[in-house]
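**Student:** Dropping the structure in here first, questions after.
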Amino acid sequence: MTAPVLVFGWGNLSRGDDALGPLFVNALREQLPTTFANQVDFLDDYQLQVEHALDLEGRSQVLFVDASLTASAPFEVYALQATVDESISTHSLSPQALMQVYQNLQGTPPPCLLLAIRGDSFELGEPPSASALQHLAAALTWAQQALRVGRGTGFAL
């Protein structure tokens, strides 16, 4: 059975703060109260790809999580809309382009949010920076509170 809410983080664990997406997914999976166990699925990957459109099927909501150089610290959360953008023709997609792929195949995608966690250092072979880890902790606190407000049916803004 597919849980209605999907938390999907992506990034490169070997590139400093780029690891924030997968680190968020793993930490929330471990920290989430067991009362939400059947309501939330977790997925992480190196990047978004066309095949991930299938992961949106049957979801009531999707929270995409990624590191961002442009987000205000510690993080930003906003709703996404399906959009054709330049990433649709590359090997990795934006969340909006992934939603567009889903829309082209299945119809209206589920409501999707982007949690953009501020990162500053993306050097190959470096660990996440101290500031990025603080931003990650703040994002995790928000996510747990937002799920409680949404009563496990999704993340309340």
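**Student:** Kindly list the number of the only condition in (1) farther than 21 Å from Q61 by Cβ; (2) assigned to a helix (DSSP H, G or I); (3) of a type in the set (F, W, Y) that fails for F122.
**Tutor:** Here F122 clears every test but (2).
**Student:** Only one of these is surrounded by fewer than 18 Cβ atoms within 10 Å (Cβ to Cβ), of a type outside the set (D, E, K, R) and farther than 21 Å from V5 by Cβ: L133, L54, L80, L43. Name it. Explain how you work it out, then say what you get.
**Tutor:** Numbers: L54 fails: farther than 21 Å from V5 by Cβ; L80 fails: farther than 21 Å from V5 by Cβ; L43 fails: farther than 21 Å from V5 by Cβ.
Within the list L133, L54, L80, L43, the selection yields L133.
**Student:** Let me ask you something else. Find all pairs meeting these conditions: Cβ atoms under 8 angstrom apart; at least six residues apart or on different chains; first residue within region 54-69 and in contact (Cβ under 8 Å) with a residue 12 or more places away in the chain; second residue of a type in the set (S, T, N, Q) and not in a loop (DSSP other than H, G, I, E, B).
**Tutor:** L56/Q106; E57/Q106
**Student:** When you check S72 against the structure, is it of a type in the set (G, A, S) and either without any contact (Cβ under 8 Å) to a residue 24 or more places away in the chain or surrounded by fewer than 14 Cβ atoms within 10 Å (Cβ to Cβ) (or both), yes or no?
**Tutor:** yes
**Student:** Hey, among the residues in region 17-39 that are at pLDDT 95 or above and among the hydrophobic types (A, V, I, L, M, F, W, C), which one's farthest from W142 (Cα to Cα)?
**Tutor:** A19
**Student:** Looking at region 99-130 only, could you name the residues that are over 27 Å from P74 (Cβ atoms) and hydrophobic (A, V, I, L, M, F, W, C)?
**Tutor:** Correct list: V101, L105.
**Student:** Considering only residues of region 136-154 that are not hydrophobic (A, V, I, L, M, F, W, C) and not in a loop (DSSP other than H, G, I, E, B), which is surrounded by the most Cβ atoms within 10 Å (Cβ to Cβ)?
**Tutor:** To start, the set of residues in region 136-154 that are not hydrophobic (A, V, I, L, M, F, W, C) comprises 141, 144-145, 148, 150-154.
Then keep just the ones that are not in a loop (DSSP other than H, G, I, E, B); that gives 141, 144-145, 148.
Details: T141: 12, Q144: 16, Q145: 12, R148: 13.
Filtering first and then ranking leaves Q144.
**Student:** Considering only residues of region 77-96 that are more than 28 Å from A138 (Cβ to Cβ) and of a type in the set (A, V, I, L, M), which is modelled with the highest pLDDT?
**Tutor:** Ranking the candidates gives A82 first.
The values are calculated or read from the model by the stated rules, or taken from the named source; none is laboratory data. Every value quoted in this text rests on a predicted model; they were computed, and no experiment measured them. Glycine gets a Cβ as well: all are built from the backbone with ideal geometry, and neighbour counts include every protein chain shown.
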